[in-house]
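Notes follow the structure.
The values are calculated or read from the model by the stated rules, or taken from the named source; none is laboratory data. All figures in this text were calculated on a predicted structure; none of them were measured in a lab. Every residue, glycine as well, gets a Cβ built from its backbone with ideal geometry; the counts of neighbours run over all protein chains shown. With ligands, DNA and RNA removed, areas are computed over all heavy atoms of the protein, side chains included. Shrake-Rupley method; radii C 1.70, N 1.55, O 1.52, S 1.80 Å.
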Amino acid sequence: MASSVSDVFVSYASADAVVANALVDALEQHGLNCWIAPRDVVPGTLYADGIVRAIAATKVFVLVLSGRAAASTHVGKELERASSKGRPIIAVRIDAAPLSPSFEYFLSESQWIDVGATSLDAAAAKLVVAIRRQSSADSSSRVVIGPEPPRARRGSVAQRRIWLAVPLVAAVAAALIWLLADKLTTDPSAEELSATEAEVVLAETIPERSIAVLPFADMSEKQDQAHLADGMAAEIINLLAQVPDLHVPARTSSFYFKDRPTTIPDIASRLGVTLVLEGSVRLIGNRLRVTAQLVRAENGYHLWSQRYDRDLKDVFAVQDEIADSVVQALQIKLMGGELRRHRGGTQNLEAYQLYLRAVSATYQNTLSSLDEAGKYLDQAIRIDPSYGIAWAWLSNVTIGKTDNSSTTQAVAGYERARQQALHALELSPDIADAHGALTYIYRSLDWDWAAAEASGRRALDVDPTNPDALQTAALLSVTLGRWEDAEQKLRLALARDPLNSYVLWTLGMTLHGDRRFAEAEETFRKLLGAAPGNLEARWSLGRTLLAQGKAEAALAMVQQESNEGYHLIFLPVVLRGAGLEDEAMEALKTQIGAWEHIGAYPVARSYAYFGQHDLALQWLERAYEQRDIGLLLIAGEPIFDPLLHDPRYKAVLRKANLPTID
């Protein structure tokens, strides 16, 4: 926590929290003491009082300047307070959104660091130098950084955000690394750094203490122990993720490269890490041989390697020893003692192996593999009924199987999943995946936002960086139209799991709902690159393309989807958008035949786009009666904008306790 007198107070809009925290980490790496909310608000202190005192005690006021900041009441008050106290103000501008009149009043006389007009390293260096100058000089509240180049090239909002956030800190590098499809270049018209400024350029774009644990190789004679090899790596990820000073990408991202032709440096670059842990598993009878090595990605240098020859029953001990050895090799001091396994596990080897087989089957993500996973889990909990983690995983498998069921089947399926999650929590109240499952059920089945919110908070209390818990909580915010909160949670999820397709899809839906269509398009394209088989990607991207007036491209994208059900979700709309009236009406008839009994929401959306508002409202009523989960995304659907002030439209939303515009 910052001391009573700080070098820097950082002000930001909540949607720019990732960028703001990245700046704080960068500044503190260079010895500048920062104050940022909510981190430095003293527990028990009134929030506003803490901010007022912090501004009074700070030397320099740094503003993360964006369109969202300019529209934020609390940022405006902080800026006004800093100006009234004569604090030097430095703005780091991350987009080109117009300023409000009040912001122009405080900032028009000053210059700012424009991230879109310079390289990231140069912007960070300029900020550090400017703060140090202001901290030691007797100057006014206006600080001149250097004029913005009059004809500097400007990228999109998303590009400017990348420039600022990616290289600054570990978590943000991992969160946004998936955005770097091409290397961005520095504008040649940008001002050159002086020798003094060059000394403070950030040397590292990726944190030193960052590690990706790759799937271990199955070296068994019959090649039938992949579940054990994967489980070894996954458990080590879970153990290392507890270390506060270590950045560890989650399983989904680390395992993305399994069986793909790639290199260690490429993997490290994609995941934003400096180190890679790789290994192998060989099982002969009940004898287990595990090898592991910790490698520096940039040069292949081995920091540590070890071989373990044990009895299979010692598999848990081997996982613990490897994780401890990594921590020791990185010279990280554990504040809470030895690494501990999450509660709710098992010491029964047979139950554990069945659980590993279930996890392996789940990640194949087909209906048949989910059935297989459920059978393995049923066996595991029969052997060890107190295996809480297996009960929680079974709940999530049941949800996965239920999501594509008919309405009647869905109710029964979600109820089974609820009981499984509740039983997991009876066995161990600190299983984040069980709380996450309940969050999803409260949202998707009960439409009980308060219960979903409480369960989501509990999941994040247990595991604040759990990508699945963050994504599920973000989905609730999408339902309620809370775009800033959803985006913040999803960016945090990407810090742990930058290639997670579910998180990427939800982020795309969030950006679309917030009417940031260009950024949504970019996100959905990244989703397609990371998961070409994702069933939600093509229709979602087509929807975003259509919102930008790219009707032909939208139609082409939707027509690429080979799954008939997902192909139909948005087909009538894009056909109509492309001017193919007859084809659109035929597609609508087919859509009605396919969806009327299991999900009326897509039909309602099609009728709304066709301008047939009475029919759209009738189908929305049907969607409500069916408890169609698609209705929970209506807050982010611009196609329904013509109905926003129709009393019948508002009545449907109020019945569902969804947000309305009065």
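Report note on the peptides 236-249, 270-283, 633-646: ranked by the mean count of other C-beta atoms within 10 Å, highest first, their order is 270-283, 236-249, 633-646. Calculated translational diffusion coefficient of the stretch 481-547 (10 °C, 1.306 mPa s; Stokes-Einstein with Kirkwood radius over alpha-carbon pairs) equals 137 µm²/s.
Determine the sum of side-chain charges near Ile569: Lys and Arg each +1, Asp and Glu each -1, restricted to other residues whose C-beta is under 11 angstrom from that of Ile569. Taking every other residue near Ile569 into account, the sum is 0. Anisotropy class assigned to the stretch 436-589 is prolate, per the alpha carbon gyration tensor with a/c at or over the 1.5 cut-off and a/b larger than b/c. Accessible surface comparison of Glu78, Glu415, probe 1.4 Å, protein chains only, largest first: the order is Glu415, Glu78.
The stretch between Lys313 and Asn348, if pulled fully straight at 0.36 nm per residue, gains 11.7 nm over its current Cα-Cα span. For the stretch 207-308, the Kirkwood estimate of the hydrodynamic radius, built from every pair of different alpha carbons, is 13.9 Å. Quick check: Cα centre of the stretch 368-399 to Cα centre of the stretch 541-562, how many Å? First find each Cα centre; the distance between them is then 39 Å. Summing charges over all other residues whose Cβ lies under 13 Å from the Cβ of Arg39, with Lys and Arg as +1 and Asp and Glu as -1, gives -3. Sorted largest first by accessible area at a 1.4 angstrom probe radius, with every protein chain in place, the residues Glu484, Glu552 fall in the order Glu552, Glu484. For Lys77, a cut-off of 18 angstrom between C-alpha atoms picks up these lysines, skipping any fewer than 8 places away in its own chain: Lys59, Lys85. Heavy-atom accessible area for Lys589, with the other protein chains in place and a 1.4 Å probe, reaches approximately 130 Å². Put simply, the convex hull of the Cα atoms in the stretch 253-314 casts, on average, a shadow of 5.0 nm². Calculated on the alpha-carbon coordinates, the convex hull of the stretch 527-662 measures out at 108 cubic angstrom per residue.
Here r is the Cβ-Cβ distance between Glu581 and Glu80 and R0 is 51 Å; the resulting FRET efficiency, rounded to 0.05, is 0.40. Could you tell me which of rounded, prolate or oblate describes the stretch 501-583, using a ≥ b ≥ c as the square roots of the eigenvalues of the alpha-carbon gyration tensor, with rounded for a/c under 1.5 and, failing that, prolate when a/b is larger than b/c and oblate otherwise? Oblate shape, in that a/c is at least 1.5 and b/c is the bigger or equal ratio.
Of the residues Ile267, Gly279, Leu312, the one whose Cα sits farthest toward the positive end of the charge dipole of the stretch 245-312, with +1 on the Cβ of Lys and Arg and -1 on the Cβ of Asp and Glu, is Leu312.
Taken over the stretch 375-519, the ratio of Cα radius of gyration to 2.2 N^0.38 Å equals 1.05. Per-atom-type breakdown for the stretch 527-662 gives carbon and sulfur 52% of the accessible area (1.4 Å probe, protein chains only). The order of Ser368, Ser100 by accessible area, most exposed first and with a 1.4 Å probe, is Ser368, Ser100. Which listed residue (Leu504, Gly549, Leu460) has the Cα farthest towards the positive end of the charge dipole for the stretch 457-554, taking +1 on Lys and Arg C-beta and -1 on Asp and Glu C-beta about the Cα centre? Towards the positive end, the residue furthest out is Gly549. Measuring between their Cα centroids, the stretch 587-659 and the stretch 476-521 lie 23 Å from each other. The packing ranking, built from the mean of other Cβ atoms within 10 Å per residue, places the peptides 60-71, 456-467 in the order 60-71, 456-467, highest first.
Listed by chain and number, the lysines placed with their C-alpha closer than 26 angstrom to that of Lys375 are Lys222, Lys258, Lys313, Lys401; residues fewer than eight positions away on the same chain are left out.
Taken one residue at a time, the phi angles of the stretch 489-494 give Karplus couplings (6.51, -1.76, 1.60, θ = phi - 60°) of 5, 5, 5, 5, 4, 5 Hz. Gly and Pro are set to x.
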